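What follows is a set of notes on a single structure, which appears directly below.
Computed from the coordinates by the stated procedures, all read-outs in this text should not be read as laboratory data. Note that the structure is a prediction, hence the values are computed from the model and not measured. Neighbour counts run over all protein chains shown; Cβ positions are idealised from the backbone, glycine included.
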């Protein structure tokens, strides 16, 4: 294995992490049904009324809880999808 300097190692590591982050963000739209499904099940199990507003509130709360977490981009994408689909065109 080739010996690398600390700077080279950090550069390689940063490139790899960026690729992983890009893959996570690209997967976010495919997670929308799962995230919304979880929100629906949670609201129903808490005997809350199932409305667009309650789903948005739930996702905004989840977004606060997942900052800096893998789920943050998924929750953000699902929240934006829900807001876009609920807004008048």
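Quick look at the values:
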read-out: Chain lengthening between residue 87 and residue 61 when straightened (0.36 nm per residue, less Cα-Cα); value: 7.4 nm
read-out: Efficiency of FRET from Cβ geometry, residue 80 and residue 51, R₀ 25 Å, rounded to 0.05; value: 0.90
read-out: Evaluated over region 6-86, the Cα radius of gyration and Dmax, each in Å; value: 15.9, 55
read-out: Cut-off 12 Å (backbone N to label point 7 Å along Cα→Cβ of residue 44), residues of region 61-89; value: none
